[in-house]
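Enquirer: Take a look at the following structure, please.
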Amino acid sequence: MRITVVGGGVIGLLTAIECVRAPGAHQVDLVDAGPIPSPLATSNDRLRVTRALHRGDPVLTAAGAGAHAAWLEVERLLGTRFYHPSGALTALPTEEASSELAGLTETGVNAWTLSARDLARRYPHVRFPAGSAAVLEASAGVLLADHALVAMARWLGQHPRTRLLPHQQVVAVSEDGSDAVVRFADGSARSADRVVVAAGPWSRDLLADVVGPELILYRQSVLSYRPPTDRRNWAGMPVVLALGAARDAWIMPTVPRSDAPMRLSAASACRPVDKLAGHETPDQQRRHLIELFAQLIDGFDPAGVVGATDGYYLAERTRGGPLLAAYEAGVVWAYAACGGMSFKFAPQIARAIADRAVGQPPRPTGLDPIDRPRRLAAVGEE
Ligand SMILES: Cc1cc2nc3c(=O)[nH]c(=O)nc-3n(C[C@H](O)[C@H](O)[C@H](O)COP(=O)(O)OP(=O)(O)OC[C@H]3O[C@@H](n4cnc5c(N)ncnc54)[C@H](O)[C@@H]3O)c2cc1C
């Protein structure tokens, strides 16, 4: 089968890898508007978190439990290391800690609880919400996202049945009988037996006539922080989640073998926007995050804020997560909303998309929007 994948972010790269590994000796082209990997891809950041526990959401927690093993498998395949399993610490009200832990350990995750006193002793520089305990997951941590993308592109570039086609902007994708047709900005077109569109936040424009109105674009600001003093306090820290009065702030720690600064953000720095409009963080968002983390980190020094950047992702309007959809004839598959958590689930999502593209029974992910994809009405040639 001739398969074209549009988009060289984490989903497109891993889907291309899974398609070419599938039985049937498929020929895979990976197309991107920029270089591969593209510096503009949402995925092409320094750090991304993977963890299982999603408070009050056993379904997402069970799916997250598979992410750790899935990433270790990707590392083995690519023969390189980019996953730092530093653990993840989720703060939660003391009375909820044991039930959340029970749900998590049922999924096979190695985790335990820490009391408010344990937290104060082990992490004196983090101010946890009053009366908080926490669950510490061992099989969770930080992915060096940019390293991972380079390793994926290298693996694909060396595979004899794969072509990487950078700097080719796709303007339309349609079905023509049992073929899929991809049209490019230079006026050329290419047909394939299957097309997978994984264009990240740009999907809303590329697929405007089929799913555009069902997608919400979010913009999130993130601070980069290098503590000017007490650096040792942060060495070996797990990812810290659910901080602050709203329990929505997070800290991605520094990681050995990487010069990436710590990353600090909160859901309160994420807002719906009309369009993609640059990556510069507005002063107001920057100030908001500095004020917030001055309350959450003991000895927080604004002089340690070495940068701030904004990223974008799409979420499906009603369910808030990713959106996978097939065009009417089933030869075009679109991962149309990338979702705010798609990096960690990318190996599982990519396998399921690739299975569908090559016509194999899809391996379940535990994520409802992926396991029960939408079928879209006809999108033909004009
Ligand atoms: C600030 C922030 C923090 C996040 N943190 C986490 C986290 O900790 N853990 C987690 O799991 N997830 C996280 N996410 C979400 C996650 O990063 C994304 O969901 C995921 O990276 C999306 O990957 P993707 O491959 O779908 O899209 P992208 O990585 O955006 O890739 C899309 C690619 O498509 C290409 N493209 C677009 N349009 C076209 C076109 N017309 N023609 C050709 N090519 C095109 C682009 O150039 C790009 O390379 C975060 C997101 C943000 C914004």
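The values are calculated or read from the model by the stated rules, or taken from the named source; none is laboratory data. What you are looking at is a predicted structure, and each value in this text was computed from that prediction instead of being measured. Neighbour counts are summed over all protein chains in view; Cβ atoms, including those assigned to glycine, are modelled from backbone coordinates with ideal geometry.
Enquirer: Quick one: which strands (runs of 3 or more DSSP E) sit completely within the stretch 111-183 and have at least 1 residues that are surrounded by fewer than 16 Cβ atoms within 10 Å (Cβ to Cβ)?
Expert: Filter on the stretch 111-183 gives 111-114, 162-165, 170-176.
Enquirer: Which one of the conditions (1) touching a helix residue (DSSP H, G or I) at 6+ places or on another chain (Cβ under 6 Å); (2) buried (at least 22 other Cβ atoms within 10 Å of the Cβ) does Ala22 fail to meet, given that it meets all the rest?
Expert: (2)
Enquirer: Which residues, taken from the stretch 1-16, are out of contact with any helix residue (DSSP H, G or I) (no Cβ under 6 Å at 6 or more places or on another chain) and either of a type in the set (Val, Ile, Thr) or more than 19 Å from Ala336 (Cα to Cα) (or both)?
Expert: If the condition is that a residue be out of contact with any helix residue (DSSP H, G or I) (no Cβ under 6 Å at 6 or more places or on another chain) and either of a type in the set (Val, Ile, Thr) or more than 19 Å from Ala336 (Cα to Cα) (or both), then Met1, Arg2, Thr4, Val6 are the ones that fit.
Enquirer: If you don't mind, there's one more thing I want to ask. Please go through the stretch 221-230 and pick out each residue that is within 14 Å of the ligand (Cβ to nearest atom) and surrounded by 21 or more Cβ atoms within 10 Å (Cβ to Cβ).
Expert: Ser221, Val222, Leu223
Enquirer: Turning to a different aspect of this structure: Determine if the stretch 14-26 includes at least one residue that is more than 30 Å from Leu292 (Cβ to Cβ) and touching a Ser or Thr at 6+ places or on another chain (Cβ under 7 Å).
Expert: Yes, that holds for at least one residue.
Enquirer: Of the numbered conditions (1) out of contact with any Pro (no Cβ under 6 Å at 6 or more places or on another chain); (2) buried (at least 16 other Cβ atoms within 10 Å of the Cβ); (3) within 28 Å of Gly339 (Cβ to Cβ), Asn233 satisfies every one except a single condition; which is it?
Expert: (3)
Enquirer: Right, another one. Residue under question is Ala189, and the condition is that it be of a type in the set (Gly, Ala, Ser), outside the structural domain of Val358 (by TED's automatic domain parsing), surrounded by fewer than 17 Cβ atoms within 10 Å (Cβ to Cβ) and free of Cβ contacts under 8 Å to residues at least 40 places away in the same chain; does it hold?
Expert: No.
Enquirer: Within the stretch 66-103, work out how many residues are closer than 16 Å to Val239 by Cα, among the aliphatic types (A, V, I, L, M) and in contact with a Ser or Thr (Cβ under 6 Å, 6 or more places away or on another chain).
Expert: Matching residues across the stretch 66-103 total 2.
Enquirer: Can you tell me how many residues in the stretch 323-341 are of a type outside the set (A, V, I, L, M) and either at pLDDT 95 or above or part of a strand (DSSP E or B) (or both)?
Expert: Residues meeting the conditions: 2.
Enquirer: Now, a different point. So if I check each of Gln348, Gln360, which one is modelled with pLDDT of 95 or more, farther than 26 Å from Ser224 by Cα and crowded, with 17+ Cβ neighbours inside 10 Å?
Expert: On the way: Gln360 fails: crowded, with 17+ Cβ neighbours inside 10 Å.
Residue meeting the stated conditions: Gln348.
Enquirer: Please find, among Ala41, Ala67, Ala62, Ala33, the residue that is over 30 Å from Val171 (Cβ atoms) and within 12 Å of the ligand (Cβ to nearest atom).
Expert: From the options Ala41, Ala67, Ala62, Ala33, the qualifying one is Ala67.
Enquirer: Look at the stretch 28-63 and say how many of its residues are touching a helix residue (DSSP H, G or I) at 6+ places or on another chain (Cβ under 8 Å) and assigned to a strand (DSSP E or B).
Expert: 6
Enquirer: Moving on to the next point. For the stretch 309-322, name all the residues that are part of a strand (DSSP E or B) and more than 11 Å from the ligand (Cβ to nearest atom). Spell out how you get there, then give the answer.
Expert: Pass one, the stretch 309-322, residues part of a strand (DSSP E or B): 309-316.
Passing the criteria: only Glu316.
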